[in-house]
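A short write-up of the structure that comes next.
The values are calculated or read from the model by the stated rules, or taken from the named source; none is laboratory data. These numbers come from a predicted model, not from an experiment. Ideal geometry is used to build each Cβ from the backbone, glycine not excepted, and the neighbour counts take in all protein chains shown.
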Amino acid sequence: MSSTSKIRGFSLVENLGSLILVLLLVVFVFSVYPQASLAIKQVEHIEVATALGNKILEERINKKFSDIQTETGTQTHTIIQRNNSVSTAYDYNLSVTSLNDKLKNLTLVMSWQDRNQPRTLTLQTIVFKKTE
């Protein structure tokens, strides 16, 4: 009795199909990476602007109540990555509105350029006059 054995394996069509699926997956991953990298950089700018804005507001809150005035200025933040420094200028505009003789509304608008696009962040707080 002789037995014939067939050699089993994947056909050429199955191999090509799996290769196409793998290539599509690689293309998808590499197309998403730059977008994720840009989103991370945008979040970093927002974090820096928030930290600088909070610092500015805290400095003004700690002033004497009558000395809190409307002002503008620029804060520069430098990031060093791979022996390369990148500086970003964050302009700010602090608007002070008296609500009454014991309350002031402080609105701080931080603005900067991100990839030649203007970005802004607004922080707001109310300060009350401490009784002495």
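For the reader, a short list of remarks on this structure follows.
- Enumeration of residues in segment 80-108 that are without any contact (Cβ under 8 Å) to a residue 12 or more places away in the chain and more than 27 Å from SER66 (Cβ to Cβ): ILE80, GLN81, ARG82, ASN83, ASN84, SER85, VAL86, SER87
- Checking LEU23, LEU94 one by one, the residue that is among the hydrophobic types (A, V, I, L, M, F, W, C) and assigned to a helix (DSSP H, G or I) is LEU23 and no other.
- Any hit, segment 40-59, residues being among the β-branched types (Val, Ile, Thr) and over 17 Å from the mean Cα position of the chain (by Cα): yes
- Scan of segment 78-104 for residues that are out of contact with any Lys or Arg (no Cβ under 9 Å at 6 or more places or on another chain) and exposed (fewer than 11 other Cβ atoms within 10 Å of the Cβ), ordered by number: THR78, ILE80, GLN81, ARG82, ASN83, ASN84, SER85, VAL86, SER87, ASN100
- Selection count, segment 99-119, where residues are touching an Asp or Glu at 6+ places or on another chain (Cβ under 8 Å) and either assigned to a loop (DSSP other than H, G, I, E, B) or not aromatic (Phe, Trp, Tyr) (or both): 2
- Among the residues of segment 68-101, the ones that are under 17 Å from LYS55 (Cβ atoms) and among the charged types (D, E, K, R) come to 2 in all.
- Neighbours by Cβ (under 6 Å, 6+ apart or cross-chain): first from segment 110-132, charged (D, E, K, R); second loosely packed, with under 15 Cβ neighbours inside 10 Å and modelled with pLDDT of 90 or more: LYS129/LYS102
- Failed item in (1) modelled with pLDDT of 90 or more; (2) within 18 Å of TRP112 (Cβ to Cβ); (3) surrounded by fewer than 11 Cβ atoms within 10 Å (Cβ to Cβ), with THR50 passing the rest: (3)
- The number of residues in segment 48-71 that are in contact with a helix residue (DSSP H, G or I) (Cβ under 9 Å, 6 or more places away or on another chain), of a type outside the set (A, V, I, L, M, F, W, C) and either assigned to a helix (DSSP H, G or I) or under 12 Å from LYS104 (Cα atoms) (or both) comes to 3.
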